[in-house]
Amino acid sequence: MKHKLEVKICTGTFCTVMGGSELLLLESKLPESLKNKVEISGVVCTKDCEKGTNKNAPIAIVGETVYDSLNINKLLEAINKELNKIETE
Ligand code: FES
């Protein structure tokens, strides 16, 4: 794989209070097998939390896809899904 998968976790207020602070612990929860495959960073509010969108906080952007209503397990599932997409390309 050429590039690491980018995982951008929203650090906006709404996402943080809705559970996003747990997502920021991702680095310490990553299985050893994934540690060299992802690049984790924070991102300011992407406005996906606003009324009228079909997304629910907390969100993270994994690769090019916005995932919502996340917890650590769902985020790990999203990472595996996106890595599978890349590896089968
Ligand atoms: S605070 Fe996360 S999308 Fe707005």
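The values are calculated or read from the model by the stated rules, or taken from the named source; none is laboratory data. Computed from a predicted structure; not experimentally measured. Cβ: placed from backbone, ideal geometry, glycine included. Neighbour counts: every protein chain shown. In case anyone asks, the SASA skips ligands and DNA or RNA and just uses the protein heavy atoms, side chains included. Shrake-Rupley method; radii C 1.70, N 1.55, O 1.52, S 1.80 Å.
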Here the cysteines of the chain lacking a cysteine partner under 4.7 Å (Cβ to Cβ) are Cys45, Cys49
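With the full set of protein chains in place, find how many percent of the accessible area of the chain is carbon and sulfur; take the probe as 1.4 Å. Don't skip to the answer; put the middle values down first.
Details: 2720 of 5640 Å².
C and S fraction of accessible area: 48 percent.
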Taking Cα pairs under 8 Å and at least six residues apart, what relative contact order does the chain come out at, in percent? 36
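Per residue of the chain, what 222 nm ellipticity follows from adding -39500 (n - 2.57) for every DSSP H run with n ≥ 4, rounded to the nearest 500?
Details: 2 runs with 20 residues, N = 89.
Calculated at 222 nm, the ellipticity per residue is -6500 deg cm²/dmol.
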How long, wide and thick is the range 5-87, going by the Cα atoms along their three principal axes, in whole angstroms, largest first? 36, 24, 18
With a 1.4 Å probe and all protein chains left in place, how much accessible area per residue does the chain have, in Å²? 63
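Rank-order 37-46, 5-14 by packing density, defined as the average count of other C-beta atoms within 10 Å over each peptide's residues, highest first.
Working: 37-46: 14.6, 5-14: 19.5.
Ranking the peptides 37-46, 5-14 by packing returns 5-14, 37-46.
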Step through the residues of the range 52-57 one at a time and calculate ³J(HN,Hα) from phi using the Karplus curve (6.51 cos²θ - 1.76 cosθ + 1.60, θ = phi - 60°), rounding each to whole Hz and writing x for Gly and Pro. x, 8, 9, 10, 10, 5
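Full extension from Ser41 to Ile72: what is 0.36 nm times the residue separation minus their Cα-Cα distance, to one decimal in nm? Before the final figure, lay out each step's value.
Numbers: separation 31, 0.36 × 31 = 11.16 nm, distance 1.49 nm.
This chain segment gains 9.7 nm when fully extended.
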